[in-house]
Amino acid sequence: MCASIGVVGLLACLRVSAAEGEGAVTLYGVLDTSIEVTNPGSGWTTRLDSGAYRGSRIGLRGSEPIGADTEIVFVLENGFGSNDGTLQTPGVLFNRQAWIGTRSTWGEVRVGRQYSPIYIPFKGSLDAFGAGTIASGLNNLSKITPYASNAITYLSPLVAGFDSTVMFATRDPSENDGNGIDGYYVTAEYQIDALKLLYARQQTHGSGALRANLGGVTYGTEKIRVWLDFFNGDGGSPLYHGAGASLSAQYSFSPHVRASAGYAHVRDFTGAGASADQFSAAFEYDLSRTVLFYFSAAYLSNHDDAQFTLRGVNVTGLPVAYPGAPVKGVQLGLIERF
């Protein structure tokens, strides 16, 4: 009956069918559009970007109870440009997520293409800027793998303040690199009252293999929260070999108005003596339950031959005009969630 009624009708049929089985299918999305003005050492450039803070996306998530406090769950998610409507990855329908799994009191298992456990929400919990916008030194100066295909993941339940995630990805035949493990990812979090400790590690193999570690501590009260974290990595494409740390804080003027400031430093081991420092500030205002306005500003000082630049979550930063060039920029953005 649902085969010939179009996309909207199909979504309606999915929702009705799920309701009959006491399950649920939800259409959701994020639109993140911003105006960025950046000077990478060669003059000011204005750009209209998508996904500077949170990648623009549309997706379906669903669940179906199968008894004994257990349910089948799935997510299908596509990234796109809210500035031009193009697919984030040309020719790929669900470039962000395409997995199915099961969830119960013992935790959750997922199989398919997924966010790497280090990406969301882990990295976003490590600094005041949510590892997004040009203001996040953690985002600009570190390197991780955001997505993993052919992955099997276990997410533990919260037990006495502790939870963890373990992911293994198998090699794709297209890599022509044999069978076996393409990489592993591990995260762990422990919370004691307002204090939280976090650590994560990844190791991928094959072309563009990347080893990376992230860790930190955060402490918060009703009005202010402070983050201190460290990061290092070796590998990837283009090559990254660095280590650094960042310190940031956020003050809440009200439940809907927040301001943040931060500093980050990295040593770039790909060049002798190369390093970089970043100073940042940001402002956020919840216009409604689903709409967020943000402003961010940053100054990044490259030293010696370092070539770090300002970028967003899904926004490629403008390359520096020359090795060692300073980069500065501001950004105004709006996020709509549905």
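If only residues of segment 19-39 that are modelled with pLDDT of 95 or more and closer than 30 Å to GLU71 by Cα are counted, the one that is nearest to the chain's Cα centre (by Cα) is VAL30. Just need a number here: residues in segment 280-338 that are among the acidic types (Asp, Glu) and part of a strand (DSSP E or B). Adding up the residues that qualify gives 3.
Close contacts from segment 150-162, counting a first residue that is touching a residue at least 12 places away in the same chain (Cβ under 8 Å) and a second that is assigned to a loop (DSSP other than H, G, I, E, B), with Cβ to Cβ under 6 Å and a gap of 6+ residues or different chains, come to ASN150/ASP172. If the condition is being in a loop (DSSP other than H, G, I, E, B), modelled with pLDDT of 95 or more and of a type outside the set (S, T, N, Q), then segment 86-116 contributes PHE94, ARG96, TRP106.
Screening the candidates SER104, SER164 for the property of being hydroxyl-bearing (Ser, Thr, Tyr) and crowded, with 16+ Cβ neighbours inside 10 Å yields one hit, SER164.
Scanning for something farther than 30 Å from GLU336 by Cβ and either in contact (Cβ under 8 Å) with a residue 12 or more places away in the chain or of a type in the set (Gly, Ala, Ser) (or both), does segment 277-288 turn up at least one residue? Walk me through how you get there before you give the answer.
Start the filter on segment 277-288 by keeping residues that are farther than 30 Å from GLU336 by Cβ, which leaves 277.
Imposing the further condition that a residue be either in contact (Cβ under 8 Å) with a residue 12 or more places away in the chain or of a type in the set (Gly, Ala, Ser) (or both) reduces the set to 277.
Within segment 277-288 (the criterion being farther than 30 Å from GLU336 by Cβ and either in contact (Cβ under 8 Å) with a residue 12 or more places away in the chain or of a type in the set (Gly, Ala, Ser) (or both)), the answer is yes, since at least one residue qualifies.
Output the number of residues of segment 304-328 satisfying the condition of being on the phi > 0 side of the Ramachandran plot and surrounded by 15 or more Cβ atoms within 10 Å (Cβ to Cβ). Selection size over segment 304-328: 1.
Here VAL186 meets the list (1) touching a Ser or Thr at 6+ places or on another chain (Cβ under 6 Å); (2) in a strand (DSSP E or B) almost entirely, failing just condition (1).
Before we move on, is SER301 under 29 Å from THR145 (Cβ atoms), crowded, with 19+ Cβ neighbours inside 10 Å and either in contact (Cβ under 8 Å) with a residue 40 or more places away in the chain or hydroxyl-bearing (Ser, Thr, Tyr) (or both)? Can you show your working first?
Values: under 29 Å from THR145 (Cβ atoms): yes; crowded, with 19+ Cβ neighbours inside 10 Å: no; either in contact (Cβ under 8 Å) with a residue 40 or more places away in the chain or hydroxyl-bearing (Ser, Thr, Tyr) (or both): yes.
Here the answer is no, as SER301 does not meet what is asked.
Of the residues ASP234, ASP182, the single one that is surrounded by 16 or more Cβ atoms within 10 Å (Cβ to Cβ), farther than 16 Å from LYS123 by Cβ, at pLDDT 95 or above and touching a His at 6+ places or on another chain (Cβ under 9 Å) is ASP234. Within segment 218-238, residues that are within 30 Å of THR204 (Cα to Cα) and touching a residue at least 60 places away in the same chain (Cβ under 8 Å) reach partners that are in a strand (DSSP E or B) and among the aromatic types (Phe, Trp, Tyr) with beta carbons closer than 6 Å, at six or more positions or on different chains, in the pairs THR218/TRP227; GLY233/TYR240. Residue check: GLN191 meets all listed conditions (1) out of contact with any Asp or Glu (no Cβ under 6 Å at 6 or more places or on another chain); (2) buried (at least 18 other Cβ atoms within 10 Å of the Cβ); (3) modelled with pLDDT of 95 or more but one, namely (2). Applying the criterion of being in contact with a Lys or Arg (Cβ under 6 Å, 6 or more places away or on another chain) and buried (at least 16 other Cβ atoms within 10 Å of the Cβ) to the residues of segment 243-291, the residue that is farthest from ALA306 (Cα to Cα) is SER252. Within the option set LEU141, LEU197, being touching a Phe, Trp or Tyr at 6+ places or on another chain (Cβ under 8 Å), farther than 30 Å from GLN307 by Cα and not acidic (Asp, Glu) holds for one residue only, LEU197.
Just one residue in the set THR45, THR86 is among the β-branched types (Val, Ile, Thr) and either more than 29 Å from SER301 (Cα to Cα) or crowded, with 17+ Cβ neighbours inside 10 Å (or both); that residue is THR86. Looking across segment 245-264, just one residue is within 30 Å of SER207 (Cβ to Cβ) and either in contact with a Ser or Thr (Cβ under 7 Å, 6 or more places away or on another chain) or of a type in the set (Lys, Arg) (or both), and that is ALA264.
The values are calculated or read from the model by the stated rules, or taken from the named source; none is laboratory data. A quick note: this is a predicted structure, and the numbers were derived from the prediction, not measured. Positions of Cβ are generated from backbone atoms using ideal geometry, with glycine treated the same way; all protein chains shown enter the neighbour counts.
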